Amino acid sequence: MELGIDVFVKKYLPEFRGLQIGLVTNATGVSSDMRRNIDLFLENGLKVVKLFGPEHGVFGAAPDGEKLSDFIDPKYGIPVYSLYGEKLRPTEDMLKGIDVLVYDIQDVGLRFYTYIYTMIYCMEECAKYGVRFVVLDRPDPLSCKIEGPVVKKEFESFVGGYGLALRYGMTPGELAKYVNAAFRIGADLCVIEMEDYEPSLFYDEAGLLWNTPSPNLPSLEHTILYEGFCLLEGVNVSVGRGTVHPFKYIGAPWIDSERFYREIKKLSPAGVVFRERVFLPAAFKLQNKPCYGLEFFVTDRREIKPLHLAVDVISTLRRIHPDDFRWDSYFHGDNERYHFDLLIGDDFYRKAIEDGALSKDFEQIWESESEQFENIIGKFRIY
């Protein structure tokens, strides 16, 4: 198959020669043979005048949540603007002198991954200031399957918005088309489509080498588990950030790992096996504290239900450790808000878990919302 960047270089160069180009990218912005997009642009006579970086920066190396500053790229001498620092959107001044803004970043197909909001915000600002917006399309590494609840309006944030299902099942280009039309953004949008792409395939099944999209998703297995275990970042456990296996480890100093193992084993989750594990996060939550918990291994990527597994893990930990388990919260004015609610897109699930609910109690809701979301976005599918 050929990625959007491959097709762009093969077919679209004449259309863009002579234009002032801004490029929104990071370390994933490479061709199918691992050549950087900016190198391909410059070698073929295109004029890249500004670079823009999302969370983790243009090099994809900054830690999770770290605010980044603007700088001059040491290799190209091109200004680099951070879209994950003081500003999350390109300003009018940043877009000044640009004829077209090109977006080329690998996504992971999950609505709490911030790159998609950088893309959408860029598209919105381009519409406002009359700049053409181009998306070089890339695969959904999780096989374009839709799963999970749809984010509710009052819980929208930079980790969930635009009416998306949790696993939204679209490529970046399809997502851009959906948002541009459904939310009447009015951008001059062009999607450079991939060729010979089969959306039902996982990333490696398409013959592509895993190109780490951010520091804590070092493999496809970690990304599959991330669909569910990102929700555990809303409670007082470590998800393995600061270890070699983020989103494969779940633990905390207060967990009885033997009992935790037994209780999860009773639920017989599909497509996954697990073992007791002690780990020591070198950074992030519970840094340098011994964490007792479990390590998870994906055995069948099409059978595993990471969202169900995560909800059951949370519900189990709350039940067996009622005195130690906590929801992570913060205050917005006088109102206490919960990070878990923002990640899952509603406060209904947290309240239901507090009443003892397991994932099986949500299956019909998730299936119904997934079907409704597919009906909405179906006309924007390209492949």
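The values are calculated or read from the model by the stated rules, or taken from the named source; none is laboratory data. As the structure is a computational prediction, the values presented were derived from the model and not from experiment. All Cβ positions, glycine included, derive from the backbone under ideal geometry; neighbour counts span all protein chains shown. Accessible surface areas use protein heavy atoms only, side chains included; no ligands, DNA or RNA. Shrake-Rupley method; radii C 1.70, N 1.55, O 1.52, S 1.80 Å.
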| request: Can you confirm whether segment 304-320 contains a residue that is free of Cβ contacts under 8 Å to residues at least 24 places away in the same chain and not hydrophobic (A, V, I, L, M, F, W, C)? | output: no
| field | From VAL135, VAL102, residue being over 19 Å from SER370 (Cα atoms) and within 17 Å of the chain's Cα centre (by Cα) | value | VAL135
| request: Kindly establish whether ILE377 is among the β-branched types (Val, Ile, Thr), farther than 19 Å from GLY169 by Cβ and in contact (Cβ under 8 Å) with a residue 12 or more places away in the chain. | output: no
| note | When (1) touching a residue at least 60 places away in the same chain (Cβ under 8 Å); (2) touching a His at 6+ places or on another chain (Cβ under 9 Å) are applied to ASP341, the one that fails is (2)
| field | Count - residues of segment 47-69 that are surrounded by fewer than 16 Cβ atoms within 10 Å (Cβ to Cβ), charged (D, E, K, R) and touching a strand residue (DSSP E or B) at 6+ places or on another chain (Cβ under 9 Å) | value | 2
| request: Report those strands (runs of 3 or more DSSP E) wholly inside segment 265-383 carrying at least 2 residues which are modelled with pLDDT of 95 or more. | output: 272-279, 291-298
| request: Those residues that are closer than 21 Å to ILE5 by Cβ and acidic (Asp, Glu), I need them from segment 80-105; list them, please. | output: ASP99, ASP104
| task | Give, as residue ranges, the strands (runs of 3 or more DSSP E) completely inside segment 84-156 that count at least 3 residues that are more than 30 Å from LEU209 (Cβ to Cβ). | result | none
| task | Would you check if there is a residue in segment 218-227 being of a type in the set (D, E, K, R) and in a loop (DSSP other than H, G, I, E, B)? | result | no
| request: Could you please tell me which pairs satisfy a Cβ distance under 8 Å, a separation of 6+ or placement on different chains, a first residue in segment 15-44 that is assigned to a strand (DSSP E or B), and a second residue that is modelled with pLDDT of 95 or more and basic (Lys, Arg)? | output: GLN20/LYS47; ILE21/LYS47; GLY22/LYS50; LEU23/LYS50; VAL30/ARG36
| field | Within segment 1-14, tally of residues that are buried (at least 19 other Cβ atoms within 10 Å of the Cβ) and not in a loop (DSSP other than H, G, I, E, B) | value | 5
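Return the only residue of ALA181, ALA187 being in a helix (DSSP H, G or I) and among the aliphatic types (A, V, I, L, M).
Values: ALA187 fails: in a helix (DSSP H, G or I).
Step by step, each of ALA181, ALA187 is checked, and only ALA181 is in a helix (DSSP H, G or I) and among the aliphatic types (A, V, I, L, M).
Would you confirm, using the coordinates I've provided, whether SER359 is open to solvent by less than 50 Å² (accessible area, probe 1.4 Å) and in contact with a His (Cβ under 7 Å, 6 or more places away or on another chain)?
Values: open to solvent by less than 50 Å² (accessible area, probe 1.4 Å): yes; in contact with a His (Cβ under 7 Å, 6 or more places away or on another chain): yes.
When the stated conditions are applied, SER359 passes them.
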